[in-house]
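The values are calculated or read from the model by the stated rules, or taken from the named source; none is laboratory data. None of the values given here were measured: they were computed from a predicted structure. Note: ideal-geometry Cβ built from the backbone for every residue, glycine included; neighbour counts use all protein chains shown. The accessibility values were calculated without ligands, DNA or RNA, using every heavy atom of the protein model including side chains. Shrake-Rupley method; radii C 1.70, N 1.55, O 1.52, S 1.80 Å.
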Amino acid sequence: RKLACLLCLVTCSLDPGAAYVSSRRRYSSFVKVGGTGTCCNKSTLFMSSSSNLFGSKSGQSLFDNLKETLPSPKVVKAVESAPSNSPIIASDVASMAGISISQARKELTALASVSRGDIKVSDGGELIYSFPNDLSTVLSDNSNKFKLRTIWQETIWPKLFYGIRVSFGLALLASIFAIFSTIALISASSSSSDDDRRRDDRRGGVSFGMGYNPFGFGGIFGPSPFDFFYYRPYYGYYGRPVYLRESNPEEMGFLESTFSYIFGDGNPNSDLEQRRLKAAAAEIRRSGGVVTAEQLAPFVDAPKPSASIDDVDDASYVDESFVLPIVSTLGGEPQVTNDGDIVYEFPELQLSATGTLESVGLPPNASTRDIINFLESQGVQTRGALEKSDLINVLGSLEDAAGGDISIVEEQEYKFSVAGDTQKFFAGALGAINLGGALYLGNMLSSPALAGVTLPGYYGLVQSAFPLLLGYAILYNIIPAARFAWIGKQNEEIRQRNQSRRQWLTAIRTSRGRIARKLNAAKGLRTKLRRVDTKDVIYDTKESISDEDMRRETDALRDFDKLLGKD
């Protein structure tokens with residue numbers, strides 16, 4: 001019955017709306033399945049192959065493909081970065097991808113469904129996942145939705161976003177051309193009726209540099225300083241976040257720098273939560289699964305530590321609510337020490353399916369000589385370790401001691417624009433020129449001489465669209481000014497939060513009082529990272545029902561023989 005419920009979980013978890021698991025850490029009790037309140041029928045649990053468990057791709061309708069749940073790209077990347085052919089569990093993915101353990105379980109199940117991966121259920125109720133090596137290729141072959149998402153993210157959207165960025169530069173140039181060519185026309189028309197034609201003509205040439213040639217600077221084919229603004233083909237970071245760009249911002253063409261000048265280049269801390277969780281998970285595992293609030297403070301938005309934070313005799317209340325998001329996300333549990341302090345235990349993060357050899361970069365079948373060479377390269381003596389198991393234990397001790405000192409998760413300050421100084425100057429200067437030209441043209445169009453007059457052809461279109469041109473010119477200058485003030489305020493807050501994190505880090509390193517007492521208490525509760533053994537499984541989706549029954553009968557007979565042997 002227990003095995004049936006576990007298999008029911010594996011099957012029904014592929015459809016998040018089909019089952020609700022009441023236990024947070026173990027998959028042993030179902031509250032509701034399919035709205036009936038009972039466990040799934042046994043005939044739906046035991047299937048002849050893993051392909052039946054995960055469904056068949058053939059016969060799926062377009063609607064089914066659209067409903068298909070896909071794992072996030074960061075989970076796929078985390079699985080692909082794991083050692084080849086090694087199993088993985090939710091806590092491993094949570095620590096690598098910077099997500100919650102519950103989200104990791106859900107996405108791993110979705111990933112196994114799409115990729116036809118293998119799921120094993122350990123005797124402790126942990127789901128162990130195995131995936132093919134060429135995971136992205138398999139996902140593209142099995143899921144049209146994944147293939148479309150990949151094409152959109154890697155091919156269509158970068159080019160589309162690049163076109164959007166360039167369009168703002170083109171819009172600025174088009175606005176300047178429309179405004180000043182219309183000014184030139186009105187000025188030329190006015191000068192023809194003036195008695196002092198020569199003076200007016202000279203004023204028009206000096207003011208606008210165009211005369212009767214609306215293109216200016218020697219015509220269409222002549223040399224023009226606007227050649228500087230054209231697209232540079234070697235610029236190639238299409239709309240990627242600032243912190244992921246590899247190209248030199250000085251290589252950004254003017255057309256794209258216009259967008260950067262107006263709207264900036266995105267949030268440099270868009271991955272802050274992911275970095276926080278990854279750093280916190282690494283520190284928790286380095287500390288043996290038990291940490292204090294002070295150890296997590298350099299990763300979160302904690303208030304500045306008080307002057308008496310390390311005073312043993314200070315009985316004032318210490319608010320540790322700033323660690324609750326990480327504690328709840330990573331499955332932490334508060335524990336009270338003998339001194340009345342609170343530490344946080346994370347038992348699920350102390351589970352890993354990655355073996356000791358794989359965790360240090362060695363293959364699972366590494367020879368004894370390979371292990372000895374690795375240990376000697378790390379300056380570790382292997383004298384007395386004769387067997388391979390002894391060397392693996394030494395590796396485990398080396399891994400527990402590794403990790404280095406704690407560091408902070410530092411936020412990056414916003415930049416007004418990553419474009420070069422020259423590009424920003426031209427973007428700002430032309431924006432000011434465009435606004436000045438729009439105001440001047442508005443004054444000319446509102447003059448009594450043009451009252452009720454409609455300009456001919458293209459210029460009439462400019463005349464009718466003048467309110468839009470004026471609004472564009474105003475917003476072009478107001479948005480960067482407002483953003484500049486907003487960035488200054490945000491960067492000041494970022495500097496304060498980073499300073500607070502550094503103060504917490506200093507308090508941890510220099511503590512001799514209450515914080516040191518809590519750290520020692522947490523150190524006394526730490527445990528070693530427990531490896532989930534893939535041999536101790538009660539079900540494997542690769543096995544058919546007949547193989548599963550035979551294995552269960554064999555295990556039962558072996559246990560019975562052991563009992564007889566004891567008697």
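A few comments on the model shown:
- Extending 7 Å from Cα along the Cβ direction at Ile479 and again at Arg369 yields two label points whose distance is 6.6 nm.
- Placing dummy labels 7 Å off each Cα toward the beta-carbon, the span from Arg509 to Leu148 is 5.2 nm.
- Remark: the Cα gyration tensor places region 74-176 in the prolate category, a/c being 1.5 or greater and a/b exceeding b/c.
- Ser190 versus Thr527: modelled label distance in nm, points set 7 Å from Cα along the beta carbon direction: 8.5
- For region 438-452, backbone phi angles converted through the Karplus equation (6.51, -1.76, 1.60; θ = phi - 60°) give residue-by-residue couplings of 5, 5, 5, 5, x, 5, 5, 5, 8, 5, x, 5, 9, 5, x Hz, Gly and Pro being listed as x.
- Net lengthening on full extension, Ile342/Ala516 (0.36 nm per residue, minus Cα-Cα): 61.4 nm
- Area accessible to solvent at Met444, 1.4 Å probe radius, in Å²: 30
- Region 420-446-region 89-160 distance, computed between alpha-carbon centres (Å): 50
- Length gained when the stretch Ser321-Leu564 is fully extended (0.36 nm per residue, less Cα-Cα span): 81.9 nm
- Contour minus Cα-Cα distance for Leu450 and Ser306 (0.36 nm per residue): 44.8 nm
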